[in-house]
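What follows is a short report on a single structure.
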Amino acid sequence: MISIAALHHVPRSLMGNVLRGVHDVLSPGGLFVATVWGCNETTLRRLRPIGDCEGYITWSYGINKSVARYYRLYREGELESEVLSAGFTVVKSGAIRIGGFINYYVVSRK
């Protein structure tokens, strides 16, 4: 199962349920690959905060108007910790830097 740039739209309070649900539907030995936006200065400048590394960013790509979308930005190690708590084993994890932005990724196994 692959989750590209989606989990950072899920509030922290719901993340455990989401990841346990993913774990439940995967076959034994199945892989879960995920990426999330990182919490760094570049991204924080775009964020209208409601908490630490959490808030709204205006988005208009592919639509005719701008909308404020919820983002929970990740710090290094958070994604790995969440998938481990849901019962996965981390196979590989790391960071991808594009300009001033950072994304974190995890490859995990049920």
Consider a paramagnetic label point 7 Å from the Cα of ARG12 along Cα→Cβ; state which residues of segment 37-78 have an amide N under 12 Å from it.
50-55, 72-75, 78
Mean projected area (nm²) of the alpha-carbon convex hull when segment 20-110 is viewed from all directions
7.0 nm²
Going 7 Å from the Cα of ILE98 along its beta-carbon direction, which residues of segment 2-37 have the amide nitrogen within less than 13 Å of the resulting point?
4-6, 35-37
Summing +1 for each Lys or Arg and -1 for each Asp or Glu, what net charge is found among the other residues whose Cβ lies under 12 Å from the Cβ of LEU14?
+2
Within segment 21-79, which GluC sites (Glu not before Pro) sit in a loop by DSSP and count at most 15 neighbouring Cβ atoms inside 10 Å?
GLU76
In the chain, what percentage of the DSSP-assigned beta bridges are antiparallel, given to the nearest 5?
85 percent
Going by how many other beta carbons lie within 10 Å of each one, how would you line up ARG75, ARG48, fewest first?
ARG48, ARG75
Net charge within 14 Å of LEU73 by Cβ-Cβ distance, Lys/Arg positive one each and Asp/Glu negative one each, not counting LEU73 itself?
+1
Using Cβ contacts closer than 10 Å as the measure, can you line up LEU47, LEU31 from fewest to most?
LEU31, LEU47
A correct fewest-to-most ranking of LYS92, LYS110 by other Cβ atoms within 10 Å would be LYS92, LYS110
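Computed from the coordinates by the stated procedures, all read-outs in this text should not be read as laboratory data. It should be emphasised that the depicted structure is a prediction, and the values quoted were computed from it without experimental measurement. For neighbour counting, all protein chains shown are included, and Cβ atoms are generated from backbone atoms with ideal geometry for every residue, glycine included.
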